[in-house]
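I have placed the structure first, in the form of structure tokens, so that the comments after it can refer back to it.
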Amino acid sequence: MPPAIELSGVTKRFSDQVALDGIDLTVDHGAFCVLLGPSGCGKSTLLRTAAGLENPTSGAIRIAGKLVADVARGLHVAPGARDLGMVFQSYALWPHKTVRENITWPLRIAGLAEAERKSRLIEVAEMLNITPYLARYPSELSGGQQQRVAIARAIAPRPSLLLFDEPLSNLDARLRVEMRTELLTLHRQTDSTIVYVTHDQVEAMTMATQIVVMNEGRIEQDAATATLLSEPQTAFVAGFVGNPPANLLTLRRNGTGWALGAQTIAFHSLPLDHETVRAMVRPARIGLAKQPGERRVAARFVEALPFGAQHFIQLESDAGRITALVDDWQARAYGSGLYVELPARPDAVFDSDGARLT
């Protein structure tokens, strides 16, 4: 069986700005793929290009094995012929149509008989708990109810691929949690393939079977949640994924040791063929001390953020900002004269360009 969606060398430019830079991506059938990254990284552009709402500048796109875009051949299949459904951040419901009409209109356009339209309407309305609202207009619904209607409209034609562009960002925290659960249930019930855009790491990590981390129009890493956390392949992923993300310390070779700011640190297992590296150290592996030592760096307390029975401590050193995860009593005990204690070995090492070395 061919992949649900496959992008090969897809580039998208807006004037002199490169929004997508040679994207290669494969999403298998049944996956819940999340495009994760900061604002402006290209994730929504990628989704819109896959949907046919934007034309790629170069490259090719296949959906379920069917070629739907190929710049070299001058091919661009219209969005309506790509067998996909899309849910937008803004819901995009027709305000002059009832919920029933919003859901059945795409089915009518597709030429389905009245009996089949009615059957699918009942099916998706029950699935998303919106049956009582079928006679209402969008203005008579809450934000969560409108989003359910938008999802129902997208899945009613039973497309092979569902695309979601930050669909929960307009909802309050409680509704976001509820809708995550409903989307996971929907994914299981429909056995559909979902590609979902978000900048919210909690959404990504609680729902995805595949997370694609993007930055500046490129894919930094494509992996499962556990792999992103345990084996980040770039410095960007290490510094972006996680709560809080890992510390990235810039080290410069100083004879047989490594200089961190103005201090030489006895780190082990670092590559000696690089003059400058970036060492990843997780907050839980950083300690606090009152006296200087072999791997201790002078620091100034900035703030403490509670995390259950522990605290995330933000500290400022001449090597930059450092985050430590410490026990509650430690957070209260230290004031001035503070040192950050680093482990003997970092969790990972990246070169000066951000590529993983170890």
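Read the figures in this text as sums done on the coordinates, not as results from a lab. Bear in mind that the values here come from a model prediction, so they are computed numbers and not experimental data. In this analysis, Cβ positions are derived from the backbone assuming ideal geometry, glycine residues included, and neighbour counts consider all displayed protein chains.
Take every Cα pair under 8 Å in the range 5-236 that's 6+ residues apart, average their separations, divide by the length, and report that relative contact order as a whole percent. Kindly include the intermediate steps, with their values, before the conclusion.
On the way: 417 pairs, mean separation 65.3, N = 232.
Dividing the mean separation by the residue count of the range 5-236 yields 28 percent.
Shown for Glu126, Glu341, Glu203: other C-beta atoms within 10 Å of each C-beta, ranked fewest to most, produce the order Glu126, Glu341, Glu203.
If you take the Cα centroid of the range 6-40 and the Cα centroid of the range 184-201, the two points sit 17 Å apart.
Just so you know, the Rg over Rh for the chain is 1.07, from Cα atoms, with Rh as the Kirkwood radius. Size check on the range 186-281: the Cα extents along the three principal axes, sorted descending, read 60, 22, 21 Å.
Between the range 45-92 and the range 129-163, the alpha-carbon centres lie 23 Å apart.
Only lysines eight or more places from Lys12 in sequence, or on another chain, were considered; those with a Cα closer than 28 Å are Lys43, Lys66. Going from the residue with the fewest nearby Cβ atoms within 10 Å to the one with the most, Thr276, Thr225, Thr193, Thr209 rank Thr276, Thr209, Thr225, Thr193.
For the range 115-236, the alpha carbon convex hull comes to 123 Å³ per residue, rounded to a whole number. Once Rh is set to the Kirkwood radius over Cα pairs, what Stokes-Einstein translational diffusion coefficient, in µm²/s, holds for the range 237-351 at a temperature of 20 °C and a viscosity of 1.002 mPa s? It diffuses with D of about 149 µm²/s by this estimate. So what is the relative contact order of the range 237-351, in percent, for Cα pairs below 8 Å that sit 6 or more residues apart? Reported as a whole number, the value is 30 percent.
Apply 1/(1 + (r/R0)^6) to the Cβ-Cβ distance of Gln291 and Ser58, taking R0 = 56 Å, and write down the FRET efficiency to the nearest 0.05. Write down the numbers at each step before the final one.
Values: r = 59 Å, r/R0 = 1.05.
In this case the efficiency is close to 0.45.
For the chain, a Gaussian network of Cα nodes joined below 10 Å ranks Ala135, Ala224, Ala115 by mean-square fluctuation, and the top entry is Ala115. Summing charges over neighbours of Arg62, with a neighbour being any other residue whose Cβ is under 10 Å away from its Cβ, gives -1 when K and R count +1 and D and E count -1.
Largest GNM mean-square fluctuation among Gln314, Gln210, Gln17, using the chain with Cα springs under 10 Å: Gln17.
Report, in debye and to the nearest 20, how large the dipole of the chain comes out about its Cα centre when Lys and Arg carry +1 and Asp and Glu carry -1 on their Cβ.
Working: 36 positive and 38 negative charges, 88 e Å.
Its charge dipole is roughly 420 debye.
Between the C-alpha center of the range 254-291 and that of the range 203-231 there is a gap of 27 Å.
For a straight C-alpha distance cut-off of 20 angstrom, the lysines reachable from Lys118 (same-chain residues fewer than eight places away being disregarded) are Lys97. When the range 5-236 is described by a simple charge dipole with +1 on each Lys and Arg Cβ and -1 on each Asp and Glu Cβ, the residue from Gly217, Val34, Ile194 located farthest towards its positive end is Ile194. Over the range 1-136, Cα pairs under 8 Å with separation of 6+ residues give a relative contact order of 19 percent.
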